[in-house]
């Protein structure tokens, strides 16, 4: 959404898209932390618990990094640093979030689906 907006010189759409991505990232981080803190077991309980905390914690850290990237790009967007020819930081942030969403599918399968298959 934000890449399409900046390509059409719509800075408002860029800012809304980045803001929405930030809100969704905060929500995702909050849900992951809720799962990690309320799991009802410790990392040393068994192999699944160790994997749950390691993979889930790593994904939470990646999401927090994405929030930092969004904050940086959003601050630059507010200052008017992007236009239809200059938006590489926006594109890189979008690529990072695409990676993060794709990796979430592997994370979710590992943490929430695979244990029920065994």
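What follows draws every value from the coordinates through simple rules; no lab data is involved. Since this is a predicted model, take the numbers as computed values, not measurements. Counting neighbours? That spans all protein chains shown, and the Cβs are built from the backbone with ideal geometry, glycine included.
Total residues in the stretch 1-51 satisfying the condition of being in contact (Cβ under 8 Å) with a residue 60 or more places away in the chain, part of a loop (DSSP other than H, G, I, E, B) and either touching a helix residue (DSSP H, G or I) at 6+ places or on another chain (Cβ under 7 Å) or at negative phi (or both): the figure is 1.
Please verify whether residue 100 is surrounded by 12 or more Cβ atoms within 10 Å (Cβ to Cβ), closer than 18 Å to residue 16 by Cβ and either out of contact with any strand residue (DSSP E or B) (no Cβ under 7 Å at 6 or more places or on another chain) or touching a residue at least 12 places away in the same chain (Cβ under 8 Å) (or both), treating the condition exactly as stated. Spell out how you get there, then give the answer.
Numbers: surrounded by 12 or more Cβ atoms within 10 Å (Cβ to Cβ): yes; closer than 18 Å to residue 16 by Cβ: no; either out of contact with any strand residue (DSSP E or B) (no Cβ under 7 Å at 6 or more places or on another chain) or touching a residue at least 12 places away in the same chain (Cβ under 8 Å) (or both): yes.
So residue 100 fails the test.
How many residues are part of a helix (DSSP H, G or I) and touching a helix residue (DSSP H, G or I) at 6+ places or on another chain (Cβ under 8 Å) when one looks only at the stretch 66-91?
Within the stretch 66-91, the subset part of a helix (DSSP H, G or I) is 66-78, 88-91.
Narrowing further to those that are touching a helix residue (DSSP H, G or I) at 6+ places or on another chain (Cβ under 8 Å): 66-67, 69-74, 76-78, 89-91.
Qualifying residue count for the region: 14.
Going through (1) exposed (fewer than 12 other Cβ atoms within 10 Å of the Cβ); (2) under 17 Å from the mean Cα position of the chain (by Cα) one by one, residue 115 falls short only on (2). Of all residues in the stretch 52-97, those satisfying the criterion of being touching a residue at least 60 places away in the same chain (Cβ under 8 Å) and surrounded by fewer than 17 Cβ atoms within 10 Å (Cβ to Cβ) are 78, 80, 83, 84, 91.
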